[in-house]
1. Condition check: open to solvent by 60 Å² or more (accessible area, probe 1.4 Å) and within 16 Å of the ligand (Cβ to nearest atom). Does K19 satisfy that?
2. Mind checking which residues of the stretch 101-144 are part of a helix (DSSP H, G or I) and away from the ligand (no atom under 16 Å from the Cβ)?
3. Considering the stretch 283-314 alone, what residues qualify as being open to solvent by less than 30 Å² (accessible area, probe 1.4 Å) and part of a loop (DSSP other than H, G, I, E, B)?
4. Taking the stated definitions as given, is S34 farther than 23 Å from I186 by Cβ and either more than 9 Å from the ligand (Cβ to nearest atom) or modelled with pLDDT of 95 or more (or both)?
5. Test Y323 against the stated conditions and say whether it is surrounded by 16 or more Cβ atoms within 10 Å (Cβ to Cβ) and away from the ligand (no atom under 16 Å from the Cβ).
6. Assess whether A237 counts as being more than 24 Å from F182 (Cα to Cα) and within 19 Å of the chain's Cα centre (by Cα).
7. Within the bounds of the stretch 155-165, is there any residue that is within 19 Å of the chain's Cα centre (by Cα) and farther than 24 Å from C328 by Cα?
8. Is it true that some residue in the stretch 175-186 is in contact with a helix residue (DSSP H, G or I) (Cβ under 7 Å, 6 or more places away or on another chain) and under 27 Å from D376 (Cα atoms)?
Amino acid sequence: MGKALIIGCGGVASVTIHKCCQNSDVFSEIMIASRTKSKCDALKAKLDGGKTIIHTAQVNADNVDELIALISDFKPTIVINLALPYQDLTIMDACLATKTNYMDTANYEPLDTAKFEYKWQWDYRQRFEEAGIMALLGSGFDPGVTSVFAAYAQKHYFDEIHYLDILDANAGDHGYPFATNFNPEINIREITANGSYWENGDWVETEPLEIKRVYYFPQIGNKDMYLLHHEELESLALNLKGIKRIRFFMTFGQNYLTHLKCLENVGMTSITPIEYNGMQIVPLQFLKAVLPDPASLGPRTKGKTNIGCIFKGIKDGKEKTYYVYNVCDHEECYKEVESQAISYTTGVPAMIGAMLIMNGTWNKAGVHNIEEFNPDPFMDALNKWGLPWIEDFDPQMVD
Ligand code: NDP
């Protein structure tokens with residue numbers, strides 16, 4: 001029984017808020033605070049009437065003083081950051097000032113550089129430890145569930161994991177020629193950046209989308225997968241014993257890639273401001289404004305996602321392979337919480353991570369990545385709260 005402050009009211013936050021309301025024994029009172037208060041009020045109107053008491057507020061999460069005032073007034077056990085990666089540090093600063101636990105789903109990214117890494121948030125470790133509060137980093141699906149899968153594999157099935165491929169496949173179809181499944185600005189920054197993977201202690205850099213593989217996925221079939229840099233590679237490289245290589249692959253259809261290439265070629269994905277009609281605009285931010293809002297894709301999207309990990313390593317001196325994944329149906333998600341599966345697969349783990357902090361199951365002062373904790377209660381909660389996982393010890397889908 002406790003209070004949570006949720007910052008942001010977009011696609012992911014909406015799912016987390018629905019799930020918090022389904023779990024009112026833990027989330028007895030929540031505050032939804034975001035830049036556009038009308039979105040918070042609309043969601044409250046939809047969900048009011050259950051056991052969870054819902055409050056709303058307007059906040060600019062770039063402003064530490066505003067955040068401190070809001071947290072001091074509401075006094076939550078945890079702040080769940082579901083705004084954008086640009087706000088991670090200001091929200092962490094406000095949590096430090098008010099001695100409140102923190103959680104997010106994406107690591108900090110400076111607004112003017114398309115570069116994300118953990119160093120900025122890891123710099124808070126000592127201060128969080130001294131304040132006696134906890135920050136849980138990356139409690140979405142990837143990072144999040146895939147990192148918990150890694151901790152689970154390490155705990156139960158391997159003496160050493162040598163190779164890990166994280167495979168994020170989406171066979172959903174929303175019927176638009178081009179749209180992104182989560183915040184377009186964050187999504188396109190990620191995809192147009194150079195790829196990289198971690199091997200034998202070093203980063204190997206690739207051109208954007210240079211490495212392609214075709215994998216066969218249970219329930220969704222063959223998919224084109226492209227290697228991307230992804231934030232969890234950085235922490236898993238430190239936290240998995242004996243690891244030699246970690247790669248991250250995501251599906252993109254040919255139609256999506258053709259549109260993206262065209263937008264890139266004409267300069268629409270650039271984050272460098274340009275002068276237009278006497279004002280400065282960032283082309284990518286303008287593009288975001290004309291693309292479909294990811295939150296609007298829910299009613300149109302059909303098909304399934306399959307996100308999981310393939311591990312190869314050693315157990316009792318013998319080579320072993322283990323594949324664990326979740327399959328999520330876009331239409332089922334929409335029926336339950338009026339969101340498509342990408343927001344669902346991120347929003348549910350955000351609720352679970354927050355729950356484990358709220359009920360004291362995970363309790364360690366400092367700044368921690370999710371794979372540092374006992375994975376078992378999280379894995380149980382995935383089955384209970386809508387993201388059941390499937391294990392395969394002889395997968396036939398390797399590249
Ligand atoms: P949306 O753009 O749909 O939502 C972002 C929300 O944050 C909006 O409500 C927005 O307000 C609000 N916001 C933005 N800036 C501010 C600010 N300065 N102050 C207050 N509120 C602000 O994004 P998503 O829901 O798709 O994504 C949310 C987060 O989840 C992102 O960080 C994304 O990277 C992460 N993510 C993580 C994944 C994972 O698996 N780990 C997968 C997918 C996403 P407004 O309504 O006014 O725009």
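The values are calculated or read from the model by the stated rules, or taken from the named source; none is laboratory data. Quick caveat: nothing in here was measured; it's all calculated off a predicted structure. All Cβ positions, even for glycine, are placed from backbone atoms using ideal geometry, and neighbour counts span all protein chains on display. Heavy atoms of the whole protein, side chains included, go into the accessibility calculation; ligands, DNA and RNA do not. Shrake-Rupley method; radii C 1.70, N 1.55, O 1.52, S 1.80 Å.
1. no
2. If we filter the stretch 101-144 for residues that are part of a helix (DSSP H, G or I), which is where we start, we get 119-122, 125-131.
Of everything in the stretch 101-144, those that are part of a helix (DSSP H, G or I) and away from the ligand (no atom under 16 Å from the Cβ) turn out to be K119, W122, R125, Q126, R127, F128, E129, E130, A131.
3. Pass one, the stretch 283-314, residues open to solvent by less than 30 Å² (accessible area, probe 1.4 Å): 283-284, 287, 291-292, 294, 297-298, 301, 303, 305-311, 313.
Correct list: L291, P292, L297, T301, G303.
4. No.
5. For Y323, the condition - surrounded by 16 or more Cβ atoms within 10 Å (Cβ to Cβ) and away from the ligand (no atom under 16 Å from the Cβ) - is met.
6. Yes; evaluated as a whole, the condition is true for this residue.
7. The answer is no, given that none of the residues of the stretch 155-165 is within 19 Å of the chain's Cα centre (by Cα) and farther than 24 Å from C328 by Cα.
8. The answer is no; no qualifying residue exists.
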